[in-house]
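Structure record follows, encoded as structure tokens.
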Amino acid sequence: MLQVRGGDRRAFEALFRRYTPPLVNFLARMVPERARAEELAQEVFLRIYQARDRYEPRARFSTWLFSIAHNLALNELSRSYRKRERPLEDPVVERMQDPQPGAEQRLEGKRAARAIEAALARLPERQRAALLLRVEQGLGYAEIADVLDASSASVKSLIHRARESLLARLDEPES
Amino acid sequence: MKGCEAYNHELDAYIDGELDPRTSELLQAHLPGCGACTGALGRRESLEHVLRSLPPVQPSPQFEARFWARVARAEEGPSWRERWFRVPRLAWVAGGAALAVGLALLVSLGDPALSAQDWAIVADAEGFDLVLEADPELLAALDVLESWRGSEEL
């Protein structure tokens, strides 16, 4: 990022390509529409690009990136709720192609993934963000705390409650 | 010595590697003799496995090209249309209110409203203008009309 601050566009492109997949993945699980998730991911990179000459290495780049993404996601969800949209009604697994005929295991795996995604979508935003940052991005509790602007103890509690909720929802009989 | 409920709250930090070493040791000592906590840990580990195996959402192929197009637009600066519509909503309201007040003042300070008869005279005069442009010989007739209108107003 220090190279980016010095005006090295190639350094920015390297960061962009490295962080685009995890960022899009995170936002796609946070906001209702896939297209909107991509727009928000672009907005995150645009803000970083425009602020590159003011960057101060006080925290890891990923912390900065996901902090911006989290704030944009919360704003988006707030707008969605005002428009009475339900979040994440189209789980990612629903958009995958059907498994090959006879692939019983894959079908079972797809069912489990669908159930998990539906349960994830119903978690409160901060619980969902904390769990996703831990499980999918591999961030530690202290770093998640920086992203969410919370304490490490709060993050521990958010992740505990998120997993408890997921397990409880997965235990519910399918409707 | 903690009870199962207290340990249950530590299980997530334990599988995330975030539990302090002392509590971690106590939990490890507790687990072999406690079916409930071992079961709860196993369920969390299974959940973790499924969460980690979720198919990632991939960016669309045009993502990078669209981003650089957006950067180019941002560096060009906003168009006149964008600048116009960026005027805060309050400014629009204030401008509209000022315009309304201005119009009201104009109406109240200006000439009194024309009567139906006045409008008829205006319409007649406009009709004569058109005729005059076509036939200047009727100029004298207009003079007669104007002098007649003046005497009517007096």
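The values are calculated or read from the model by the stated rules, or taken from the named source; none is laboratory data. If you're wondering where the values come from, they're calculated on a predicted model, not measured in any experiment. Glycine also receives a Cβ, built like all others from the backbone with ideal geometry; neighbour counts cover every protein chain displayed. These accessible areas exclude ligands, DNA and RNA; they are computed on the full protein's heavy atoms, side chains included. Shrake-Rupley method; radii C 1.70, N 1.55, O 1.52, S 1.80 Å.
Suppose the filter is at pLDDT 95 or above and either open to solvent by 10 Å² or more (accessible area, probe 1.4 Å) or more than 26 Å from A:LEU123 (Cβ to Cβ) (or both); does A:LEU72 pass it? Yes.
In the stretch B:81-101, the residues that are among the basic types (Lys, Arg) and in a helix (DSSP H, G or I) reach residues that are open to solvent by less than 100 Å² (accessible area, probe 1.4 Å) and modelled with pLDDT of 65 or more with C-beta atoms within less than 9 angstrom, at least six apart or across chains, in these pairs: B:ARG83/B:GLY77.
Of everything in the stretch A:112-137, what is surrounded by 23 or more Cβ atoms within 10 Å (Cβ to Cβ) and either over 13 Å from A:MET30 (Cβ atoms) or of a type in the set (Val, Ile, Thr) (or both)? Give them in sequence order. Hit for the stretch A:112-137 is A:ARG134, nothing else.
Screening B:PRO59, B:PRO21 for residues that are farther than 22 Å from A:ALA51 by Cα, open to solvent by 30 Å² or more (accessible area, probe 1.4 Å) and within 9 Å of chain A (Cβ to nearest Cβ) leaves exactly one candidate, B:PRO59. Where helices (runs of 4 or more DSSP H) sit wholly within the stretch A:1-74, those with at least 3 residues that are at the interface with chain B (Cβ under 10 Å from one of its Cβ atoms), touching a residue at least 40 places away in the same chain (Cβ under 8 Å) and among the aliphatic types (A, V, I, L, M) occupy A:9-30.
Annotation: A:ARG161 fulfils all but one of (1) part of a helix (DSSP H, G or I); (2) out of contact with any Leu (no Cβ under 6 Å at 6 or more places or on another chain); (3) more than 10 Å from every other protein chain (Cβ to nearest Cβ); the unmet one is (3).
Each residue in the stretch A:146-158 was checked for being among the aliphatic types (A, V, I, L, M) and within 11 Å of chain B (Cβ to nearest Cβ), and 3 pass.
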